[in-house]
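Since the structure comes first, as C-alpha cells, the remarks are kept for the end.
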Amino acid sequence: MVERKQPRLTHASLKVLRAFLDSPTVKLSGAEVHKQSGVFTGTLYPLLLRFDAAGWLTSEWEDVDPKEVGRPRKRFYCLTPTGRARAHAALASVSRQSGEAVSWT
Amino acid sequence: MDVIWWVTAAIGAIAGNLIASELFAWGPRLSERLMCGAVRRLAPEMQERLREEWAGHLQTIPPGLWRIVAAAGFYVATHQINIALRVWERQENPEETTLQEKASGKIEGTILNVNVGMTKSAVLNAYVSRYAKIEGKGWVLIPDPRDEPEPQSTRRSSQDR
C-alpha cells in the first residue's frame, strides 16, 4: 500500500475541517458540509476526496433504498481519529500564527 | 433624465423577472445536464460514485440559480479530481508515469491551465497545472513537483523537525 501524500491545508480545507470539528459525532453529507463551511462545490468535492484518500475522513453510503425514498442516496463523511488530530493541530497552528482567535464562519 | 431612469428600471425589472422565471423553469433540467456533463468528464472509476453523490447534493438545493451554480461547480471539481487521481496513480505506479517516459518524443509546446476560484470570504484560490505537447502523444500533464511522493529519508527528516 503506497502512502499518499497528506493534503495541503488551504483556507478552504481548514473551513471544511472546521465544519467536521463543529459536529464531531455527526456524519455529514457533501451538501451539509457545503452549507456549514460555505465552500463552493467546485472546491469542496476534490477536498473531500483528498481527505478521504489520506485517511482523514471515512465515507459511506446512506443506508436507504433510492427507489423507496425516491431520491439518490447521500454519501456521508466522518472524521477519523487521525483526521481529528490533524485538523485540531492545523487549526491551532493557524490560530497561533495569526495571534488571535480565528473565526471560520 | 428621470424618465429615462424610470424606463430603464422598469425594463430591468421586467427582464430580471423573466430571466428569473426562466431559470426557475429550466433550472432542474439545466443543472442535471451540467452535472451529467461533469460526470462524463470524470475518470471512469469515479463516475458511478459521484453521479449518485452529486445528484443527491442537487436534490437538497431548491430549483433556481443556486442549483445551477452548484452544478457548474461540479465541472470545476472534475478537473481537480482528475488531477488528484493521476497523482495517486503516479504514486502507486511511479515507473509507468514519469514525464521522462512520456516525453520520449519532441516537446512541441507547453501551456499553463489556470483555474481560479473564490471562497465565500473572498479568498482567492488558484490552481495552476502545466501541460506539454509531446510529438505523437498529444498533451501530457506535467507533474507538479510538490505532488511528487517524498523520498522515505526526506519524509522522516521532515517529521523529525
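The values are calculated or read from the model by the stated rules, or taken from the named source; none is laboratory data. Bear in mind the structure is a predicted one, so any value in this text is a computation, not a measurement. No Cβ is skipped: glycine too gets one built from the backbone with ideal geometry, and neighbour counts run over all protein chains shown.
Observations on the structure shown:
Each row is one residue, and each column tells you yes or no for (1) polar (S, T, N, Q); (2) without any contact (Cβ under 8 Å) to a residue 24 or more places away in the chain; (3) within 13 Å of A:Tyr45 (Cα to Cα).
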{"site": "B:Arg41", "(1), (2), (3)": "no, no, no"}
{"site": "B:Leu50", "(1), (2), (3)": "no, no, yes"}
{"site": "B:Trp54", "(1), (2), (3)": "no, yes, yes"}
{"site": "B:Pro62", "(1), (2), (3)": "no, yes, no"}
{"site": "B:Leu65", "(1), (2), (3)": "no, no, no"}
{"site": "B:Val69", "(1), (2), (3)": "no, yes, no"}
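- Any hit, region B:4-25, residues being of a type in the set (A, V, I, L, M, F, W, C), under 20 Å from B:Gly73 (Cβ atoms) and surrounded by 10 or more Cβ atoms within 10 Å (Cβ to Cβ): yes
- Counting only helices (runs of 4 or more DSSP H) wholly contained in region B:28-109, the ones carrying 3 or more residues that are at pLDDT below 85 and surrounded by 14 or more Cβ atoms within 10 Å (Cβ to Cβ) occupy B:65-92.
- Within region A:22-36, restricting attention to residues that are part of a helix (DSSP H, G or I) and either modelled with pLDDT under 90 or more than 9 Å from the chain's Cα centre (by Cα) (or both), the residue that is farthest from the other protein chains (Cβ to nearest Cβ) is A:Asp22.
- Pairs where the first residue, in region B:8-34, is closer than 26 Å to A:Pro72 by Cβ and in contact (Cβ under 8 Å) with a residue 40 or more places away in the chain and the second is of a type in the set (Gly, Ala, Ser) and not in a helix (DSSP H, G or I), C-beta under 6 Å, 6+ apart: B:Phe24/B:Gly64; B:Gly27/B:Gly64
- Some residue of region A:57-64 being touching a Gly at 6+ places or on another chain (Cβ under 6 Å), closer than 18 Å to B:Ala77 by Cβ and more than 8 Å from chain B (Cβ to nearest Cβ): yes
- In the condition set (1) in a helix (DSSP H, G or I); (2) away from every other protein chain (no Cβ under 13 Å); (3) surrounded by 14 or more Cβ atoms within 10 Å (Cβ to Cβ), A:Phe51 is compliant with all but (2).
- In region A:66-94, the qualifying residues are those that are within 13 Å of another protein chain (Cβ to nearest Cβ) and not in a helix (DSSP H, G or I), and the one that is nearest to A:Leu14 (Cα to Cα) is A:Tyr77.
- Qualifying position, being surrounded by fewer than 18 Cβ atoms within 10 Å (Cβ to Cβ), under 23 Å from B:Ala43 (Cβ atoms) and either facing chain B (nearest Cβ under 8 Å) or modelled with pLDDT under 90 (or both), among A:Gln6, A:Gln97: A:Gln6
- In the condition set (1) part of a loop (DSSP other than H, G, I, E, B); (2) more than 10 Å from chain B (Cβ to nearest Cβ), A:Val39 is compliant with all but (2).
- Whichever residue in region A:37-59 is over 10 Å from the mean Cα position of the chain (by Cα) and β-branched (Val, Ile, Thr) and, among such residues, is nearest to A:Pro7 (Cα to Cα): A:Thr43
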